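No lab work stands behind these numbers, since they all come straight from the coordinates. All values reported here derive from a predicted model rather than from experimental measurement. Note that each Cβ is placed from the backbone with ideal geometry, even for glycine, and that neighbours are counted across all protein chains shown.
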């Protein structure tokens, strides 16, 4: 992971993905931020009724992708609003 990215993490839209026991899912969130740099930690917010929340909770792992302003509408149709 490029730690320089962490210093550029600001308000925006993100795709949150996770997987557990052969199931994978993702959704769009608007809250992700760096909490500490050593150890490197971030905080996310996701609706508890979203299946992605359940997978993050089960696995303890997730991925965040930063969405560009140029992201296509297909991305939003796939991951939801």
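Before moving on, here are some points about what is shown:
- Separation between Cα centres of segment 40-81 and segment 12-27, rounded to whole Å: 5
- Cα gyration tensor shape of the chain, rounded if a/c is under 1.5, else prolate or oblate by comparing a/b with b/c: oblate
- Ranked 53, 78, criterion: other C-beta atoms within 10 Å, fewest first: 78, 53
- Which of 31, 17 has the fewest Cβ neighbours within 10 Å, and the rest in rising order: 31, 17
- Per-residue Cβ neighbour counts within 10 Å put 20, 72 in the sequence 72, 20, beginning with the fewest.
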